[in-house]
Amino acid sequence: MREVWRIDALPPALTLAAVGGYGRQGLFPHSDVDVLVLLPEHCSQVMRESAASLVSRLWDVGVELAHSVRTIEECLQEAAQDVTVQTNLTEARWVAGDKKLFSDFMHAMRGALDPRAFMEAKLLEQQQRHNRFQETAYNLEPNLKEGPGGLRDLINILWISSTTGHGSTWRALADHDIVTHEEAARIGRREQVLQDLRIRLHMHARRREDRLLFDLQTPLALEMGYSDTRSRRASERLMQRYYRTARAVTQLNEIILQNLRTAEMHTQPVHARALNDRFEVRNELLAAIDAPLFECDPRAILEVFELMQRHPELKGIEGTTLRALWRAARAIDEQFRGDPVNHARFLGMFRHGQGLTHALRRMNRYDVLGRYLPVFGRIVGQMQHDLFHVYTVDEHILMVVRNLRRFAVPEMAHEYPLCSRLISEFDKPELLYIAGLFHDIAKGRGGDHSQLGQADARAFCVEHGLAQEESDLVSWLVEQHLHMSSVAQKRDLSDPAVIADFAHVVQTERRLVALYLLTVADVRGTSPKVWNAWKGKLLEDLFWSTRRFLGGDTDPAGSRLQARQALALEKLRLYAVPEGAHEKLWRTLDTPYFLRHDAREIAWHARLLNYRVDTKTPVVKARLSPVGEGLQVLIYAADQPSLFARICSFFERTSLSIAEAKIYTTTTGYALDTFQVLDPSRALGEYRDIIAYVEHELTAQLTTGGPLPPPVRGRVSRRVRSFPMVPEVSIRPDERGNAWYLSFTAGDRPGLLSSVARVLVDYDISVQTAKINTLGERAEDSFVVTGEALHETRNVIKLESDLIAQLATN
């Protein structure tokens, strides 16, 4: 920098200063170089042009600049309006030019700095930054620099401590009794871990990249000496180390900032009131009356979280108490875990309900939850490379408990009215929260985590004195927590045998309600992209059908058929459809059609097709989906072997995702197909705006015919590319041998469904029903199919092989 300054012969009245990371000598391999060109107050145009020339020259020689050109007065104005600018400038370091101008600048900056206001602004800035990351360090592609528990949290401590006169190093903080020397050493080690990771990340990415992206996690892990084990990838082991480091940084950040705030506010009067004989409230913070409380009585550890839960007006834990609590967590041992008083206190938090999520998150943040429940401690920071969870196992579990609690909050009843009503009527909802806490607790051990988890749940219930009936319900929920979602999204819910089989598993209405609530909370807790209104409808349909079955309606097919036909006729009258107009269409339909479609769909089909039963041209009609999200598309055309593949290809090319397809062939040889389609990215705008486009373009393609268009090609996501999954295909006959269930699981990609449909065309296999279940980056699709080829075992084996080959194509 000085060499360029010398070569360009900058006017001697100018100053070049390093600011930001460059100023504090904290550059990483591909960091921006932050510089300030400082101008005198009455600078000439020539000086400003010289500064611009310097900036251009530095870019030309390959320095990636983040620059500003200002006078001292302009710096003060910018700093007064933006604490980020103020922070950058307070780290200024002279590089070249007029030293007196730089000295005047630093004197002016220090004079304008209000330490208390600066601290409050930086605390607010940190909170806003954390909010951008949903206040969690446990995203699967975390940001090492800006995310919660990242390097910025550590630097923020030093910014505040330096400004408030407590030093700019960890040792200086220890010398000022803000931290102990042991804590200073510990935070220094955590900082080294993050710095090492960030340096390696920049070197691998060959650019300024601060996110631990999926495609960089594995090479980083191997470089750092991690290897795959029987149950865990090398990248998962690396990421668990990162998450635990980030959690420790979050703990220390909160403790140190609280201590700094206490030290800075020491002149303010202390307003204290007693909560009990051991704790009091000081300036809206919970504080232990006696400093060595936790050492004398470790039971007080859980009491802290109980009090915080029961007194939501408290804004946090006082700094000294927080530090003592953090240290005392190491005292949680077998004796502590076996103490009946601690059992009662921990269960009491679940029974109280309100504030439970915050209490569990605090316990996890301060390393108390994982020590009290060692099985939970094993999954803290554990990744899930199943292509649809976007949080670590512990964060997902706490998200599920949060969702269950939201069902019980009256102010949230508008989100999921049925769930809110069911949980309000559910006796002892704390059993649901305990099941939520244990449902994925055995992830990563190898084996069936549902079976392993139910054993852990039962042991917890027995140890904590729950009744036999309560223990049975919790352990059963953990064991079966995936079952309802699987049935709803993969099986034909119009088949009475499916409902009967599911009811046989559930057995009682109480279990059904509990499993439904846990399933909705679980699916919603995997990823914001996984839940949609269509999945909600499938689960709700399964819930109501099973509830009717358990209530004694064990042979509902005939009564349901008549009831649906009657209700459909009522809806047709509302549209002034002439009496008897539906009869020509209905004569071409049989019982499975009426059982597979609800009354609204039956009426819609009859209204659109009553005069088009023998049409020679395809009929395509679309409407806003009755479930509240997406489009419902009707296709009525003379049946042909490649029709399903052609329709799938059209929707893929239109960037619409198929959620469900009801495929039906009339007795006169017409396909009457209904598709539920979604636009997951909402790139197409409002659904109502694309109805005409879908109707016109799909009709044209079906009318034109010709060879199938080539499969859609597109970019496979980083996650699928970095963690490819082995495709699985299952083909088995139904109970009567009339149709076959075909299901597959694979990493999702553009063109996947139409590629599968092409394979089925090659084998002359017809699709009767399709349920397309996309979970994040993972496709779990199920079909009911028929075809002569399926009666030959060797054809089935070859079909499975061809499907696996197609699904594995990346």
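The modelled label-to-label distance between Arg653 and Glu295, using points 7 Å beyond Cα along the C-beta direction, is 7.6 nm. A straight Cα-to-Cα reach below 26 Å connects Lys571 with the lysines Lys535, Lys537, Lys584, Lys621, Lys662, residues fewer than 8 places away in its own chain not being considered.
Dipole of the chain, Cα-centred, from +1 at each Lys and Arg C-beta and -1 at each Asp and Glu C-beta, to the nearest 20 debye? Could the numbers behind the result be given before it?
Working: 100 positive and 105 negative charges, 148 e Å.
Dipole size: approximately 720 debye.
Computed from Cα positions, the angle between helix 557-574 and the longest principal axis of the chain comes to roughly 80 degrees. Placing +1 on the Cβ of every Lys and Arg and -1 on the Cβ of every Asp and Glu, with no other charges, gives the stretch 375-500 a dipole of roughly 280 debye about its Cα centre.
Can you give the extra length, in nm with one decimal, that the chain gains between Leu561 and Asp764 once fully stretched, where that is 0.36 nm per residue apart less the Cα-Cα distance? If you can, show how the numbers build up before the last one.
Details: separation 203, 0.36 × 203 = 73.08 nm, distance 3.11 nm.
Working it through step by step, the gained length comes to 70.0 nm.
Farthest towards the positive end of the charge dipole of the chain, among the residues Tyr391, Ala287, Val4, is the Cα of Val4, using unit charges on the Cβ of Lys, Arg, Asp and Glu. Summary of packing: across the peptides 323-330, 145-152, the per-residue average of other C-beta atoms within 10 Å ranks them, highest first, as 145-152, 323-330.
Restricted to Cα atoms, the stretch 335-431 shows a radius of gyration and a Dmax of 15.0, 45 angstrom.
Report the FRET efficiency, 1/(1 + (r/R0)^6), for Arg612 and Thr793, where r is their Cβ-Cβ distance and R0 is 41 Å, rounded to 0.05.
0.45
Hydrodynamic analysis of the chain uses the Kirkwood radius over alpha carbon pairs. Inserted into Stokes-Einstein at 4 °C and 1.567 mPa s, it gives a translational diffusion coefficient of 42 µm²/s.
Averaging the sequence gap over all C-alpha pairs within less than 8 Å and six or more residues apart, then dividing by the number of residues, gives the stretch 151-218 a relative contact order of 19 percent. Based on the Stokes-Einstein relation at 20 °C and a viscosity of 1.002 mPa s, and on the Kirkwood radius from alpha carbon pairs, the stretch 108-241 is assigned a translational diffusion coefficient of 128 µm²/s.
Between Ala746, Val756, Ala789, the Cα set farthest toward the positive side of the dipole of the stretch 653-810 (charges on each charged residue's Cβ, about the Cα centre) is that of Ala746.
Which angle from 0 to 90°, rounded to the nearest 10, does the C-alpha axis of helix 533-550 make with the longest principal axis of the chain? The answer is roughly 60 degrees.
How large is log10 of I(q)/I(0) for the stretch 1-104 at q = 0.20 Å⁻¹ when the intensity is taken from the Debye formula with one equal scatterer per alpha-carbon? At q = 0.20 Å⁻¹ the computed log10 ratios are -1.05.
Within straight-line reach of Lys798, meaning a Cα separation under 18 Å, sit the following aspartates and glutamates at least 8 residues removed in sequence or on another chain: Glu728, Asp762, Asp764, Glu788.
Assuming R0 = 51 Å, can you tell me the calculated FRET efficiency for the pair Asp175 and Leu684, based on Cβ-Cβ distance, to the nearest 0.05? Mind dumping the intermediate values first?
Numbers: r = 61 Å, r/R0 = 1.20.
Here the calculated transfer efficiency is 0.25.
Of the listed residues Thr774, Thr320, Thr136, the order by accessible area with a 1.4 Å probe, largest first, is Thr320, Thr774, Thr136.
Kindly report the accessible area of the chain per residue (heavy atoms of protein chains, probe 1.4 Å, no ligands, DNA or RNA), in Å².
On the way: 35270 Å² over 810 residues.
Result: 44 Å² of accessible area for each residue.
Taking other residues whose beta carbon is less than 10 angstrom from the beta carbon of Asp32, and scoring Lys, Arg as +1 and Asp, Glu as -1, yields -1. Rg then Dmax, both in Å and based on the Cα atoms of the stretch 661-810: 16.7, 49. Remark on the stretch 65-105: Rg and Dmax equal 10.4, 27 Å (Cα only).
Using the Cα atoms of the stretch 5-58 to build a convex hull, what is its mean projected area in square nanometres?
Details: hull surface 16.9 nm².
Averaging across all directions leaves 4.2 nm² for the Cα convex hull.
With r as the distance between the Cβ atoms of Val409 and Asn131 and R0 = 30 Å, compute the FRET efficiency 1/(1 + (r/R0)^6) and round to 0.05. Working from the Cβ atoms, E equals 0.90. Spin-label pair Ala638-Glu78: with each label point 7 Å from Cα along the Cα-Cβ axis, the two points sit 7.3 nm from one another. For the chain, what % of the accessible area comes from carbon and sulfur atoms, probe 1.4 Å? The computed percentage sits at 50. Which of rounded, prolate or oblate describes the stretch 451-557 when judged by the alpha-carbon gyration tensor and an a/c cut-off of 1.5? Note, shape of the stretch 451-557 comes out oblate. Ranked by the mean number of other Cβ atoms within 10 Å of their residues, highest first, the peptides 371-381, 393-403 fall in the order 393-403, 371-381.
Site pair Thr229 and Trp531 shows an inter-label distance of 3.3 nm when each label is modelled 7 Å from Cα along Cα→Cβ.
The relative contact order of the stretch 327-477, computed from alpha carbon pairs under 8 Å that lie at least 6 residues apart in sequence, is 20 percent. Working ranking of peptides 359-365, 693-699 by packing, defined as the average number of other Cβ atoms within 10 Å per residue, highest first, is 359-365, 693-699.
The angle between the Cα long axis of helix 340-352 and the longest principal axis of the Cα atoms of the chain comes to about 70 degrees, rounded to the nearest 10. Between Asp333 and His107, the contour length at 0.36 nm per residue exceeds the Cα-Cα span by 75.9 nm.
The values are calculated or read from the model by the stated rules, or taken from the named source; none is laboratory data. Keep in mind the model is a prediction, meaning the values are calculated, not measured. Because the Cβ atoms are built from the backbone with ideal geometry, glycine has one as well, and the counts that use them run over all protein chains shown. Each accessible area value is taken on the protein alone, full model and side chains, heavy atoms only, with ligands, DNA and RNA left out. Shrake-Rupley method; radii C 1.70, N 1.55, O 1.52, S 1.80 Å.
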